[in-house]
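The values are calculated or read from the model by the stated rules, or taken from the named source; none is laboratory data. Computed from a predicted model, the values in this text were never measured in an experiment. Neighbour counts are summed over all protein chains in view; Cβ atoms, including those assigned to glycine, are modelled from backbone coordinates with ideal geometry. With ligands, DNA and RNA removed, areas are computed over all heavy atoms of the protein, side chains included. Shrake-Rupley method; radii C 1.70, N 1.55, O 1.52, S 1.80 Å.
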Amino acid sequence: MSDPNGNEPEQTLRTSHAARTRSAASRAAAICHYIEQHGSAEKHEAGTAEDGTAEGGAAEARTAVGEAAEVGPAAKEIAWKAAHAARVAAQAFAVLSESAPAPAADSRCARNAAASAAQAAQMGQLHDGDGELSVAACRAAVHASRAAAEAAGAEGLGVNETLNARADTAEAAAVAAAEEAGWMRPGQDLPQVSTGVRSPEIMSMLHL
């Protein structure tokens, strides 16, 4: 039974925060993978347009390639920011996994992973445009980030049962919305995201 003050055993809280952190990190990785895969497909299509002049003629092919070149820098920035978000989310999960259970610190890891997943979702929306599903998925990701921040905030400190439950619910909704948008699939086998050199920002935010 939970303590009336919301002070659940640290290991139980660790399990909850770790699951949310892992989920958010997986969302960020999935969106990064989605953008990379679709970016490669777009490059392939542009190459086909350049060479396949029989269908539309040389002038149309040159126009298609020119348009692809114009959006190239923006697409690269979107892909870079998505990759950065996935890396920071992976760092948050790595920090949690390597430390002893501590509700406040664990909830900060979940908060940072959710914030990074929200940034990845924003890149997903920029990549896809303002379609209904991508907008809804981005909105759900931002809501999950805010809920995780509240659970880790001064009033929650990772031990408030109500705030933790809200964060769990918001995370599940963000996953469902990302699946609806096509950014991730249930049980998707994602490539491992390298944490690289852990950023000073995340270590500072985690107060480690």
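Some observations on this one:
- When each of ALA19, ALA30, ALA82 is tested for being at pLDDT 95 or above and in contact with a Lys or Arg (Cβ under 9 Å, 6 or more places away or on another chain), the lone residue that passes is ALA30.
- Output for segment 1-16, where each listed residue is at pLDDT below 50 and either surrounded by 12 or more Cβ atoms within 10 Å (Cβ to Cβ) or among the aliphatic types (A, V, I, L, M) (or both): MET1, GLY6, ASN7
- Residue match in segment 136-156 (condition: modelled with pLDDT of 95 or more, touching a helix residue (DSSP H, G or I) at 6+ places or on another chain (Cβ under 7 Å), open to solvent by 50 Å² or more (accessible area, probe 1.4 Å) and among the hydrophobic types (A, V, I, L, M, F, W, C)): no
- VAL193 being in a loop (DSSP other than H, G, I, E, B), under 22 Å from GLN11 (Cβ atoms) and of a type in the set (A, V, I, L, M, F, W, C): no
- ASN160 being polar (S, T, N, Q), crowded, with 24+ Cβ neighbours inside 10 Å, out of contact with any strand residue (DSSP E or B) (no Cβ under 8 Å at 6 or more places or on another chain) and closer than 21 Å to ALA19 by Cα: no
- Applying the condition of being modelled with pLDDT of 50 or more and of a type in the set (A, V, I, L, M, F, W, C) to segment 33-54 and asking which residue is surrounded by the fewest Cβ atoms within 10 Å (Cβ to Cβ) yields ALA41.
- Criterion (open to solvent by less than 10 Å² (accessible area, probe 1.4 Å) and either in contact with a His (Cβ under 9 Å, 6 or more places away or on another chain) or modelled with pLDDT of 95 or more (or both)) met by exactly one of ALA105, ALA172, ALA167: ALA167
- Filter result (at pLDDT 65 or above and of a type in the set (Asp, Glu)) within segment 177-208: GLU179, GLU180, ASP189
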